[in-house]
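This report refers to the structure that appears directly beneath it.
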């Protein structure tokens, strides 16, 4: 009897712990939602000022007091002279896009692009710092279409890739007038994949029937519960080839000099090799790019923050977990190619 109560007590303690953890997660998400509710909208940051403040903080720490005072005086005089001249410098607008399987940053991207297009001229530039390993086809197609809006307006578009622009990520990147990438950034993966488990034999062994009624011959082909036929697989293969053709067509439109037979194989390459193949125009990090542009242009980082309701934030956490699994698979694949 004592053993029973001990086991029951342990079970009850575990249950209480789980419930408490769920309450904490929901409470934290709700509190975060309240804090974020007043911050929805467009955010603009002057990157020139940011760089100047960082440099000033370091100079103040390392320079002698007299030298620092002279530096401050010289800076003020230079700023006054620039203000009096009335000379306007060209601008560069910086947009960050971090992708996931569903390209869930698209709603922010479309607002950011719309805002910038209301202000930017052909003398300006738009830089997209892109990190995206791909995912759902139509979502990433929409993301690429947002960048096409910039290209169609005749405003120079640069995509900077520090880590990865693969599959749907490269579909976005190829739209740019110029692609710059870090030496070990991952690019390419111009291919399409569909994979799913099939539980038909497992269900059949347990006497579970699966019924699927459709109207239209090709409403559904390959399924995870029913028995798949060679005809089903052939039809899915046709659909994948069709999407692959659209993918290659988009890449060919914006980078016509690429050898599609060589690069549209689903393979990926690191930055230096990608440049040799024509997937990239220049090897440099986004930091190097922006530092160079800041000498002659006024840089503005533009970000649109969207407040998500609690349900969407909780679902986003689940999607984030799935993305982490997908990222882990990518990492394992790439790490296996590195020398030990």
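The values are calculated or read from the model by the stated rules, or taken from the named source; none is laboratory data. A quick note: this is a predicted structure, and the numbers were derived from the prediction, not measured. Positions of Cβ are generated from backbone atoms using ideal geometry, with glycine treated the same way; all protein chains shown enter the neighbour counts.
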With respect to residue 150, is the statement that it is in contact with a strand residue (DSSP E or B) (Cβ under 8 Å, 6 or more places away or on another chain) and assigned to a helix (DSSP H, G or I) true? yes
Return the pairs, sorted by first residue and then second, in which the second residue is surrounded by fewer than 17 Cβ atoms within 10 Å (Cβ to Cβ) and in a loop (DSSP other than H, G, I, E, B), the first residue lies in the range 274-300 and is touching a residue at least 40 places away in the same chain (Cβ under 8 Å) and on the phi > 0 side of the Ramachandran plot, the beta carbons are less than 7 Å apart, and the residues are 6+ apart or on different chains. none
Among the residues of the range 87-102, is there at least one that is modelled with pLDDT of 95 or more, surrounded by fewer than 16 Cβ atoms within 10 Å (Cβ to Cβ) and either assigned by TED's automatic domain parsing to the domain that holds residue 254 or farther than 24 Å from residue 279 by Cβ (or both)? yes
Can you tell me which residue is nearest to residue 140 (Cα to Cα) among those in the range 104-128 that are in a loop (DSSP other than H, G, I, E, B) and touching a strand residue (DSSP E or B) at 6+ places or on another chain (Cβ under 7 Å)? 105
Out of the range 253-300, which residues are surrounded by 13 or more Cβ atoms within 10 Å (Cβ to Cβ), out of contact with any helix residue (DSSP H, G or I) (no Cβ under 6 Å at 6 or more places or on another chain) and part of a helix (DSSP H, G or I)? 254, 271, 272, 273, 274, 275, 286, 288, 289, 290, 291, 293
Mind listing whichever residues of the range 84-110 are farther than 25 Å from residue 292 by Cα, touching a residue at least 60 places away in the same chain (Cβ under 8 Å) and over 12 Å from the mean Cα position of the chain (by Cα)? 107
Would you be able to say whether some residue in the range 191-210 is outside any loop (DSSP other than H, G, I, E, B), surrounded by 15 or more Cβ atoms within 10 Å (Cβ to Cβ) and in contact with a helix residue (DSSP H, G or I) (Cβ under 9 Å, 6 or more places away or on another chain)? no
Just a yes or no: is a residue in the range 230-245 part of a strand (DSSP E or B) and modelled with pLDDT of 90 or more? no
Selection from the range 136-166 of residues that are within 14 Å of residue 274 (Cα to Cα), free of Cβ contacts under 8 Å to residues at least 60 places away in the same chain and crowded, with 24+ Cβ neighbours inside 10 Å: 165
